[in-house]
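Have a look at the structure that comes next, please.
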Amino acid sequence: MRENPITRPIAELSADLRLGKLTSPDLVENALDRIATLDRKLESFVCLAEDARDQAAVADREIAQGRWRGPLHGVPVAVKDNYLTADMPSHAGTDAPGVHFARQDSTVVAKLREAGAVIIGKTRMHEFAWGNVTPPSKNPWDLSRVPGGSSGGSGAAVAARLVPVAMGSDTGGSIRIPAALCGTVGLKPTFGRVSRAGIVPHSWSLDHAGPLSYTVADSVYALNAISGHDPKDPGSARTDVPDFTAALGQPITDLRVGICRNHMFDSNQPDVDAAIDAAIRFYRDAGARLVEFELPILAFGLGAIFAIELSSSTAYHSRNLASGAVTGFTEDVRTLVEMGRLVTGPDYLKAEQLRRVLIDDLAKVFADVDVILGPTCPLTAWPIGEWTVRVGAQDESVLAASWRLTYPWNLAGLPAISLPCGFDSAGLPIGLQLASRPFDEMTLIRAADAYERGHRWKEMHPKV
Amino acid sequence: MNEMEMLFEALGIQLEKQRRSAVLAAFQPMAQEIAKLRSLDLTDVHPAVVFAPMPMSQQD
């Protein structure tokens, strides 16, 4: 057995598992050893499954009997702490007394189990998916820096090669931001592509479920397993699910790459701009056509997402507000939950009208463009405890800066992916973000996979 | 009850006075962004959320 097999991508693991060159118990043992050794520093996991070895043994038996379920069969996968699980407690990142969640599998967890994955544990998150910091988790590239959030535990665990896939949730960027800051792939599918049933809600019309992973292909295997209509999620789309692996290894000479020159490039750290410029040149040199455009409506996007997110979160926490449980939340989250009542009904609906305009404007863009390219974050991972950073010519709140380029795709529900595209002068990862038309993950994957195959970023991982 | 108290009660804002100050202060930058929306004339734009009267189990 090669050393530390858990650090290898799923395609390699799956082939060896199927041929019997590797066993799921050995893979799980390797993951547990690495978690025991490295996670003391990272604090990316909040809970480990007591029956992980039993799950692995079952998977092994099935594979040996020829009952192979697919690429995830026998592979350890982690899930964010807001995904309900039958075999592990869920806390959604909160220690507040009086807040309890059911012990039952969310739809995504059930689908991962059906795919044969070993659900090895639950990753830390920022409380109730508010916030981009995820304390006390650390960034594996620099333990003095944040992993991002709110799926920061998943980002750190994947970046440190503890598990090849960890599920996250994304309301304004919470899969893509930790993916960018930790140097992993992070995929937010189209709104409705993946069920949110059994994931503790943050904002019903903004929440998306998706994977963080070592490679684009690893996220694709997860997406294949977890996609599909679910009557338990009112937002779940009744849309056919293709085999997303068909988009891997495809040419991009016909691809039209859109570059939104307003908003996405207004104020980024110079290293980020340089890395994205290099990515643009890659696509141009690979034969793609570059199309520049502007989306003036984005000037109003922040107000829209504030109105929708704040009012939704407060509505969800009505019970916690009435019971007083909210007094046990961390101060920043408590304040956000309490202030949602200050958003008026007309302002909320104006935000939903703005959303309609954005969706229609994007549809016009996508008549001439196949994917929209830009940075995931305008900055790289910031030091733990810092709340202001210099980005471009001005000081900015790290929270405001970090989600500036990701939330538009939550407002519009577009599929979007972040993948590694280089490092800044301090050796911190930079993320490239691609977005495509609703339910066109195939084009998104084709574009992302081509970029990944043309570079070696996925082979670089931190020495924790 | 003064007007501010009446407004808070009407909006269901049950916060002690010292929390009110903190919450209002934290809300200010967000309120400024939300206020920008009011300058847009979106009279003829239907909101992105659309009511569907059929139960989930019977929707196409």
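The values are calculated or read from the model by the stated rules, or taken from the named source; none is laboratory data. On a predicted model such as this, the values are computed, not experimentally measured, just so you know. With ideal geometry, Cβ positions are generated from the backbone for all residues, glycine too; neighbour counts draw on all protein chains shown. Calculation scope for accessible area: heavy atoms of the full protein, side chains included, ligands and nucleic acids excluded. Shrake-Rupley method; radii C 1.70, N 1.55, O 1.52, S 1.80 Å.
Any residue at all in segment A:127-149 that is on the phi > 0 side of the Ramachandran plot, over 9 Å from the mean Cα position of the chain (by Cα) and among the hydrophobic types (A, V, I, L, M, F, W, C)?
yes
Collect the residues in segment A:1-23 that are part of a helix (DSSP H, G or I) and either touching a helix residue (DSSP H, G or I) at 6+ places or on another chain (Cβ under 7 Å) or over 23 Å from A:Val216 (Cα atoms) (or both), keeping them in residue-number order. Give the steps one after another, and end with the answer.
Filtering segment A:1-23 down to residues part of a helix (DSSP H, G or I) leaves A:5-7, A:10-19.
Result: A:Pro5, A:Ile6, A:Ile10, A:Ala11, A:Leu13, A:Leu17, A:Arg18, A:Leu19.
Could you figure out which of (1) over 19 Å from the mean Cα position of the chain (by Cα); (2) of a type outside the set (A, V, I, L, M); (3) modelled with pLDDT of 90 or more isn't true of B:His46?
That leaves (1) as the condition not met.
Every residue, every condition in (1) surrounded by 24 or more Cβ atoms within 10 Å (Cβ to Cβ); (2) under 18 Å from A:Ala237 (Cα atoms); (3) small (Gly, Ala, Ser), yes or no:
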{"site": "A:Ala180", "(1), (2), (3)": "yes, no, yes"}
{"site": "A:Gly183", "(1), (2), (3)": "yes, no, yes"}
{"site": "A:Gly192", "(1), (2), (3)": "no, yes, yes"}
{"site": "A:Pro201", "(1), (2), (3)": "no, yes, no"}
{"site": "A:Ala209", "(1), (2), (3)": "yes, yes, yes"}
{"site": "A:Asp218", "(1), (2), (3)": "yes, no, no"}
{"site": "A:Ile226", "(1), (2), (3)": "yes, yes, no"}
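If we scan segment A:360-379, do we find a residue that is basic (Lys, Arg), in a loop (DSSP other than H, G, I, E, B) and closer than 19 Å to A:Gly258 by Cβ?
no
Taking B:Met6 as meeting all but one of (1) in a loop (DSSP other than H, G, I, E, B); (2) closer than 21 Å to A:Ala322 by Cβ, write down the number of the exception.
B:Met6 satisfies every listed condition except (1).
Quick grid of which residues meet (1) at pLDDT 95 or above; (2) surrounded by fewer than 18 Cβ atoms within 10 Å (Cβ to Cβ); (3) under 15 Å from A:Val77 (Cα atoms); (4) touching a Leu at 6+ places or on another chain (Cβ under 8 Å):
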| position | (1), (2), (3), (4) |
| --- | --- |
| A:Met1 | no, yes, no, yes |
| A:Glu12 | yes, yes, no, no |
| A:Ala15 | yes, yes, no, no |
| A:Leu27 | yes, no, yes, yes |
| A:Ala31 | yes, no, yes, yes |
| A:Arg34 | yes, no, yes, yes |
| A:Leu42 | yes, no, no, yes |
| A:Ala49 | yes, no, yes, no |
| A:Ala56 | yes, no, yes, yes |
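Please specify each residue of segment A:328-342 satisfying the condition of being open to solvent by 50 Å² or more (accessible area, probe 1.4 Å) and more than 9 Å from chain B (Cβ to nearest Cβ).
A:Thr330 - this is the single residue of segment A:328-342 that is open to solvent by 50 Å² or more (accessible area, probe 1.4 Å) and more than 9 Å from chain B (Cβ to nearest Cβ).
Condition check: over 24 Å from the mean Cα position of the chain (by Cα) and not acidic (Asp, Glu). Does A:Lys21 satisfy that?
For A:Lys21, the condition - over 24 Å from the mean Cα position of the chain (by Cα) and not acidic (Asp, Glu) - is met.
Shifting gears a bit: May I ask you to say which residue of A:Leu321, A:Leu298, A:Leu302, A:Leu310 is under 30 Å from B:Leu11 (Cα atoms), open to solvent by less than 10 Å² (accessible area, probe 1.4 Å), aliphatic (A, V, I, L, M) and within 11 Å of chain B (Cβ to nearest Cβ)? I'd like the intermediate steps shown before the answer.
Numbers: A:Leu321 fails: open to solvent by less than 10 Å² (accessible area, probe 1.4 Å); A:Leu298 fails: within 11 Å of chain B (Cβ to nearest Cβ); A:Leu302 fails: open to solvent by less than 10 Å² (accessible area, probe 1.4 Å).
Just a single option satisfies the conditions, and that option is A:Leu310.
Continuing with this model, one more query. Of everything in segment A:374-416 that's open to solvent by less than 30 Å² (accessible area, probe 1.4 Å) and polar (S, T, N, Q), which residue is modelled with the lowest pLDDT?
The selected residue is A:Ser402.
Quick one: how many residues across segment A:300-333 are more than 24 Å from the chain's Cα centre (by Cα) and of a type outside the set (A, V, I, L, M)?
Here the count works out to 9.
If the Cβ limit is 9 Å and pairs must be 6+ apart or interchain, which residue in segment A:343-367 that is at the interface with chain B (Cβ under 9 Å from one of its Cβ atoms) pairs with which residue that is surrounded by fewer than 16 Cβ atoms within 10 Å (Cβ to Cβ) and assigned to a helix (DSSP H, G or I)?
That search, which allows pairs on different chains as well, returns A:Asp347/B:Ala35.
Something else about it: So, in segment B:32-60, how many residues would count as being within 7 Å of another protein chain (Cβ to nearest Cβ), open to solvent by 60 Å² or more (accessible area, probe 1.4 Å) and part of a helix (DSSP H, G or I)?
Result for segment B:32-60: 2.
Regarding A:Ala288, is this residue more than 9 Å from chain B (Cβ to nearest Cβ), surrounded by fewer than 21 Cβ atoms within 10 Å (Cβ to Cβ), on the phi < 0 side of the Ramachandran plot and of a type outside the set (Lys, Arg)?
Working: more than 9 Å from chain B (Cβ to nearest Cβ): yes; surrounded by fewer than 21 Cβ atoms within 10 Å (Cβ to Cβ): no; on the phi < 0 side of the Ramachandran plot: yes; of a type outside the set (Lys, Arg): yes.
No.
Give me the residue from segment B:1-43 that is at pLDDT 95 or above and among the small types (Gly, Ala, Ser) and, out of that set, nearest to A:Ile297 (Cα to Cα).
Of everything passing the filter in segment B:1-43, B:Ser39 is nearest to A:Ile297 (Cα to Cα).
Additional query: State which residue is nearest to the chain's Cα centre (by Cα) when the search covers only segment A:238-283 and only residues that are acidic (Asp, Glu) and over 23 Å from A:Leu181 (Cβ atoms).
A:Asp243
Check B:Leu15, B:Leu24 and return the single one that is more than 7 Å from chain A (Cβ to nearest Cβ) and among the aliphatic types (A, V, I, L, M).
Details: B:Leu15 fails: more than 7 Å from chain A (Cβ to nearest Cβ).
Result of the check over B:Leu15, B:Leu24: B:Leu24.
Follow-up question, since we're still on this one. Among the helices (runs of 4 or more DSSP H) lying completely within segment A:215-333, list those that include at least 3 residues that are in contact (Cβ under 8 Å) with a residue 12 or more places away in the chain and closer than 25 Å to A:Ser402 by Cβ.
Answer list for segment A:215-333: A:216-226, A:270-285, A:301-316.
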